[in-house]
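Remarks on the structure that follows.
Please treat every number below as a calculation from the coordinates, not as lab data. Everything numeric in this text was worked out from a predicted model, so none of it was measured. Here Cβ is always computed from backbone atoms with ideal geometry, including for glycine, and neighbour counts include all displayed protein chains.
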Amino acid sequence: MTCTELHERLDAHLDGDLPPEQSAALAGHASTCAECRAELALARRVHRELREMGSALCPEVVFEATLTRVASLERPRAPRPPVAGRARSHWRVAVGGCVLLGALVLGVLRFPSAPSEPMYSHEEIAEAHRQVELAFALVGRAGLDAGLYLHDTVMGEHVVPPLQRHLGAP
Amino acid sequence: MPLPHAAIAAHRHLVYGYALHLLGDASDAADVTQEVLVRLWRQGEGIEPERRTAWVLRVTRNACLDALRARQTRRAYTPNDALAVDAAPCNGESPHTLTEAADFKRRLERALDHLNEPYRSIIILREIQALPYTDIAETLDLPLNTLKVYLHRARRSLREALRAAVPAEDLLP
């Protein structure tokens, strides 16, 4: 075995991974070469010292602190507001709603609305109608400018007549 | 489902030892150990039991590297530094031998401290903690053959650092 071969196989020899005949050859070379003998001794010593350093043991106090943290995480979270409290707030809303509804019903029964009379003159309604048509014309123009297409049926059937009815137009 | 406490306990020394050698500071190692073990407990049975060791070591290493980046410096872990000579068993050895042994140990620790990653981790996990190659390879995400090449380089680097400092006649029996 040469010095180079010994250097290459030193680790395998120390790990016990070298076949017995190669280990014997390595030892044989080391016995005749002072430099390789020193290298082998150094490798053995480093190996031994590192093993003796050993893995430090985790102090009990560290592990106990870990278990304390784990226990705090295991505990259930803070309880939500009691169900009775939440139910009470729901009841408040329901009762409030009933009172309001009752007041409305009573108001309607007690003070029935007067017979409807036109609140606006025919001239005012006609003017409003004209304003609405103008507004729709503007909307339609804006729609065209924006590249939108408004169906006449939509405007003519579903928008203008209900508005007219609402305004009391002739 | 979280892990039972016994499963966490089984990994505590491994985590603490690795963190202590990487960080060189018992207080920082304790912090990392707690973090890693709590994370292990949280992960619970989501990690396959046969991969748990590698998972724990990988998380420990990442936590240590983060701590080192935050700290910017690494301190050598010297368990017997101050007491090396006094605490060493006498066994009839001469004061010169005891001093030389303490000196060698100190130099070795310093040489280990100067190794870069992943060489340092490889030495810690293989030489100090005596873990199997497969666990180390999975921890460091290295192919097995690459790991062995790196281990060889790391050992050679340690020897070179010590060879320059220790006379050959001190090594030979």
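All C-alpha to C-alpha distances of the stretch A:1-75, sorted into 10 Å bins beginning at zero, yield P(r) values of 17, 33, 14, 10, 13, 11, 2 percent in whole numbers. Sorting the segments B:51-64, A:6-19, B:99-112 by their residues' average number of neighbouring beta-carbon atoms within 10 angstrom, most packed first, yields B:51-64, B:99-112, A:6-19. Between B:ALA7 and B:LEU144, the FRET efficiency estimated from the beta carbon spacing at R0 = 35 angstrom works out to 0.85. Projecting label points 7 angstrom from Cα along Cα→Cβ for A:GLU60 and A:ARG48 puts them 3.4 nm apart.
Modelled spin-label separation between A:ALA24 and A:GLN164, with each label point placed 7 Å from Cα along the Cα-to-Cβ direction: 12.0 nm.
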